[in-house]
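Engineer: Structure below; questions to follow.
The values are calculated or read from the model by the stated rules, or taken from the named source; none is laboratory data. The model shown is predicted, which means the values in this text are computed figures rather than measured ones. Don't worry about glycine lacking a Cβ; one is built from the backbone with ideal geometry, like all the others, and counts go over all protein chains shown. To get the accessible areas, we keep the full protein, side chains included, count just its heavy atoms, and leave off ligands, DNA and RNA. Shrake-Rupley method; radii C 1.70, N 1.55, O 1.52, S 1.80 Å.
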Amino acid sequence: MRPTRPSRTAEAAAFLRAWHSYVDDRPLLCEDFAVVPLLRPQTRAFLQPLSLPVRRALRTRERLQPSLPAMRGQVVVRACYAEEALDAALERGVGQVVVLAAGLDTLALRRPQLLDQVAFFEVDHPATQAWKRQRLGAAADGRVHYVAVEFGRASLRDALLDAGFSPALTTFVNWLGCTYYLGADALRGTLADLGEVSAPGSEIVLDFWTPGVGLPTAQRMLLSGVRFSVALQREPLLGLMTPTALTSLAEHTGWAVDELLSPEDQRRRWLQTRRDSLAVPAFAWLARLVRAA
């Protein structure tokens, strides 16, 4: 991405989270109306209540163009997974929450009671974070620790420690929508930095994309389309990896893979009984890593 421009893919993901509430069936996998005021006016204009005939027409269109509900599904399923994992971590007494590559994440807005329970850190590229904080305005909560870091070019470890992060507390890290934009060195460095400062029992929830080898033609075309689209935004895909590669990377940086969810696992867990057109791309995986003792 351009050093002085906020991430366009971050806004796209935020829009899809909000769009889910307008076009998909109840129960929603995630409900994020809090993000709407943070979107640009031209983006917010698309978020309007839809009549039943319009929703039916949209659903028909999406069945003919499955890439649309697949990318929306990928965003909302990963958000649902992360919040379920966070709730489980809170029950275990986690002391810190880090939202890594936060973009327009609204966890602190939607669940302000968290800020009374845990130390809360949002980490992102300086330009994207400044853009978000400007949009938050008076809605910003002073209890959120904002940490500006350019991944791969600055020390995440040092930035967190400077912001008041405590290595003595167990930590929950939400790292969504980011790994595939980072090269191998930045991925390894980020996990290593987190491993150095995270107490045993800490965990990371992340999503990652596979290279697409062996997938059906339609899914390879979808991945190629996404690759082309984000390249136009100067946010190219750099970190596609297999589950085996992620497992090896985790082991070499102080983490263990505690859970891997394939696209089929995700469909069975969250989408199997739904009547809408939500789907998950065949290249989109979820994982939970745990810091060993």
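Engineer: What distance in nm separates the two pseudo spin-label positions at residue 47 and residue 272, each 7 Å out from Cα along the beta-carbon direction?
Structural biologist: The two pseudo-label positions are separated by 3.2 nm.
Engineer: Can you work out ³J(HN,Hα) from phi for every residue in the stretch 207-224, in order, using Karplus 6.51 cos²θ - 1.76 cosθ + 1.60 and θ = phi - 60°, giving whole Hz and x for Gly and Pro?
Structural biologist: Taking θ as phi minus 60°, the curve returns 10, 8, 10, 8, x, x, 5, x, 7, x, 4, 4, 6, 5, 5, 4, 4, 5 Hz for the stretch 207-224.
Engineer: Taking amide H atoms as placed 1.01 Å from N in the peptide plane, list the residues 5 or more away in sequence, or in a different chain, whose amide H sits under 5 Å from that of residue 105.
Structural biologist: Those lying under 5 Å, H to H, from residue 105: there are none.
Engineer: Please report the equivalent ellipsoid semi-axes of the chain, computed as sqrt(5 x eigenvalue) of the Cα gyration tensor, largest first, in whole Å. Before the final figure, lay out the partial values.
Structural biologist: Details: eigenvalues 165, 101, 72 Å².
For the chain, the semi-axes come out at 29, 22, 19 Å.
Engineer: Per residue, how large is the accessible surface of the chain? Use a 1.4 angstrom probe and give square angstrom. Intermediate results must be reported in sequence, preceding the final value.
Structural biologist: Details: 13200 Å² over 293 residues.
On a per-residue basis, 45 Å².
Engineer: Okay, next question. Under a 5 Å amide H to amide H cut-off, with H placed in plane at 1.01 Å, what residues pair with residue 259 once short-range neighbours are removed?
Structural biologist: Distant-sequence amide H within range of residue 259: 288.
Engineer: A follow-up question, please. In nm, to one decimal, how far is the residue 265 label point from the residue 245 one, both placed 7 Å along Cα→Cβ?
Structural biologist: 1.9
Engineer: How large is the helix-only mean residue ellipticity at 222 nm for the chain, computed as the sum of -39500 (n - 2.57) over DSSP H runs with n ≥ 4, divided by its residue count, in deg cm²/dmol to the nearest 500? Walk me through the numbers on the way to the answer.
Structural biologist: Numbers: 12 runs with 127 residues, N = 293.
Rounded to the nearest 500, the figure is -13000 deg cm²/dmol.
Engineer: Here's a follow-up. Dipole of the chain, Cα-centred, from +1 at each Lys and Arg C-beta and -1 at each Asp and Glu C-beta, to the nearest 20 debye?
Structural biologist: Details: 34 positive and 30 negative charges, 280 e Å.
Charge dipole of the chain: 1340 debye, to the nearest 20.
Engineer: Sticking with this structure for a sec: Sort out for me the Cα centre separation of the stretch 246-291 from the stretch 160-223, rounded to whole Å.
Structural biologist: Using only Cα atoms to place each centre, the spacing works out to 13 Å.
Engineer: May I pose another question? Roughly what angle does helix 67-91 make with the longest principal axis of the chain, taking Cα atoms, 0 to 90 degrees, to the nearest 10?
Structural biologist: With rounding to tens, the tilt is 40 degrees.
Engineer: Report, in whole Å, the centroid distance computed from the Cα atoms of the stretch 13-49 and the stretch 77-133.
Structural biologist: 18
Engineer: Using +1 at the Cβ of each Lys and Arg and -1 at the Cβ of each Asp and Glu in the chain, identify which of 21, 48, 240 lies farthest towards the dipole's positive end.
Structural biologist: 48
Engineer: Hey, another quick one. Residue by residue through the stretch 187-200, which ³J(HN,Hα) values in whole Hz follow from phi under the Karplus form 6.51 cos²θ - 1.76 cosθ + 1.60 (θ = phi - 60°), with glycine and proline marked x?
Structural biologist: In residue order, the calculated couplings are 4, 5, x, 5, 5, 5, 4, 5, x, 5, 10, 9, 5, x Hz.
Engineer: Expressed as an acute angle from 0 to 90° and rounded to the nearest 10, what is the orientation of the C-alpha long axis of helix 8-23 relative to the principal long axis of the chain?
Structural biologist: The answer is roughly 50 degrees.
Engineer: By its C-alpha gyration tensor, with a ≥ b ≥ c as the square roots of the eigenvalues, how is the stretch 125-259 shaped: rounded for a/c under 1.5, else prolate for a/b larger than b/c, else oblate? Don't jump to the answer; show the numbers that get you there.
Structural biologist: On the way: a/c = 2.23, a/b = 1.28, b/c = 1.73.
Oblate is the answer for the stretch 125-259, as a/c is 1.5 or above yet b/c matches or exceeds a/b.
Engineer: Taking all protein chains as present, what is the carbon and sulfur share of the accessible area of the chain, in % to the nearest whole number, probe 1.4 Å? Kindly include the intermediate steps, with their values, before the conclusion.
Structural biologist: Working: 7130 of 13200 Å².
The C+S portion of the solvent-accessible surface of the chain is 54 percent.
Engineer: With Cβ to Cβ distances under 9 Å as the rule, what net charge do the other residues near residue 171 carry (K, R +1; D, E -1)?
Structural biologist: Values: positive: 291; negative: 203.
With Lys, Arg at +1 and Asp, Glu at -1, the neighbours total 0.
Engineer: With a cut-off of 8 Å between alpha carbons and a minimum separation of six or more residues, what is the relative contact order of the chain in percent?
Structural biologist: Numbers: 476 pairs, mean separation 63.2, N = 293.
Once normalised by length, the contact order is 22 percent.
Engineer: Taking loop as defined by DSSP and a crowding limit of 12 other beta carbons within 10 Å, which trypsin sites (Lys or Arg not before Pro) in the stretch 260-290 fit?
Structural biologist: Numbers: sites: 267, 268, 269, 274, 275, 288; in loops: 274, 275.
Listed in order of number, the matching sites are 275.
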